[in-house]
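Read through the structure below, which is laid out as structure tokens, and then see the notes.
The values are calculated or read from the model by the stated rules, or taken from the named source; none is laboratory data. Computed from a predicted structure; not experimentally measured. No Cβ is skipped: glycine too gets one built from the backbone with ideal geometry, and neighbour counts run over all protein chains shown. To get the accessible areas, we keep the full protein, side chains included, count just its heavy atoms, and leave off ligands, DNA and RNA. Shrake-Rupley method; radii C 1.70, N 1.55, O 1.52, S 1.80 Å.
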Amino acid sequence: STTYKDSLRTSLLQLQCHFTWTLLKQDVDLDALEETIVDHIKFFPESNFEFHNLLSYVCHLNNSNEEALRNLQKAEEIVQKYHPDEIDRRSLVTWGNYAWIYYHMERYEEAQTYVSKVENSCKKFSSTADGKTPLPEVYAEQGWALLSFGGKYFERAKHCFENALKHEPNNPDFNAGYATVLYRLEDFAFRCGDDISPSIEALKRAVELKPDDTCVMALLALKLQDLKQVDEGERYIEEAVQKTPDLPYCLRYAAKFYRRKGDTWKAVKILEKALALTPNSGFLHHQLGLCYREKIFQWKNTSNPPQDNMERLIELAISHFKFMADQKPKFIAVHTDLASMYALSKRYEEAEKIFQELLQRNNLTCHEKQDLYFNYGNFQQLHMKSESKAIEYYIEGLKIKKESFGRRKCSKAVQSLLRQKFERGSRDATYFGTLGLVHKLNGQKQKAIECYKKAIDLDHSNEEYQSALCELQLSI
């Protein structure tokens, strides 16, 4: 009956599991996520009942409920094998997912059975009678699930790990999760041009509490490298690779470390080894593409670049970027990397096609747009030899007020281009007018006023410059 269904649904919404954590499928590429989880399960067999729970949810989103149920069975088997004394505690999320999947399959009695299992167990654990406050393990599992759904979810993931740590401040797994999410948030903030949050302390503490977790150890190494403590970072990287020479997650961070250090071929070797272990990892393909690109730029700047080798590396970079771009259509950076490689290869139409597709998208974040405008401006300037179009797109990047790495690059590029025009003897009013606009967008009002005055001296009748100057003088 409808009332029974409604009351069942009300109970289901009270459960703590993937179905109630608002993990939206439009924020993630489900196939790529599924592949990542399957790899994780392969490389971390003893601690992965949580991954089976997450996989059951992903299977459900992919409309395969039978497969979802099989993963929940596996999660139960792992809990029985590795945590026989804590079956109730460790199974709450699994049972919650069971209940939801049976509900979606219209097997309401089975759904109700699992709802009751969760409710009875929660009553046992909870100091409060209602059992509404999640257990710390459940907070942590929610944190990892949120992390796997991408950048939008990182803040929420951080709160989950904080809640788990309130209950058990010395739990090694919770500390590892907390340090990982802080590192990711910082990485994200850095690309958006924001301040850095203090993940270094959390990473050190996590490594101390969980010395076998070589992924956290590798993140600590990368963080030390960011802070210019390269030698100390390298000691951690070497230790991590020594402890787990066949763990692709550890290897990929090691490769990133050596690529950023400038040891490109060493990074390539490590990435090839990791790729042999997880051949479909988009991340590894992207990193390999970046290594080849770095080598190409190093060679381009020498007096006599080895032409054949350059072309071979450009082709390799294109194939790796293309792999990742096909796998992750939402990851903008790899599409601009691919377009820029096509441009280097003089395949301008293919580059233009990618840029146009990206420029049509209406769901980009501010810093994605700024990066895109910078890269397209660059393409126009260096490959299409159109300075006016380049300037137009650099300025589009500046019009987005949010401070970021991409915005700073637009600002630098447009000023340097205008300076070159000036040095070539151009005394055009538009030069000063454009520079005035750049200063105005950068909040440098005094400099902007001077430029607009010079523009008006050269072109008395231009109303645009007159009104811009007027507006600026009034705002001071």
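Things worth noting here:
- Accessible area in the full protein assembly, largest first, 1.4 Å probe, for 384, 324: 384, 324
- Note on residue 24 and residue 80: their simple-model spin labels are 3.9 nm apart, each label 7 Å out from Cα toward Cβ.
- Expected 222 nm ellipticity per residue - DSSP helices of 4 or more, -39500 (n - 2.57), all of the chain, to 500: -25000 deg cm²/dmol
- Added length on full extension, which subtracts the Cα-Cα distance from 0.36 nm per residue, residue 309 to residue 365: 16.5 nm
- Cα gyration tensor category, rounded, prolate or oblate, for region 2-128 with a/c compared to 1.5: oblate
- Above-threshold pairs, the threshold being 20 Å between Cα atoms, out of 152/402; 295/346; 269/300; 330/401; 42/243: 269/300; 330/401
- Label sites at residue 159 and residue 387, each approximated as a point 7 angstrom past Cα along Cα to Cβ, lie 5.2 nm apart.
- Gain in span if fully extended, residue 113 to residue 408, counting 0.36 nm per residue against the direct Cα distance: 100.5 nm
- Pair residue 87, residue 63: separation of 7 Å Cα→Cβ label points (nm): 3.6 nm
- Cross-link partners of residue 210 among aspartates and glutamates, defined as those whose alpha carbon lies under 12 angstrom from its own and excluding same-chain residues fewer than eight positions apart: 173.
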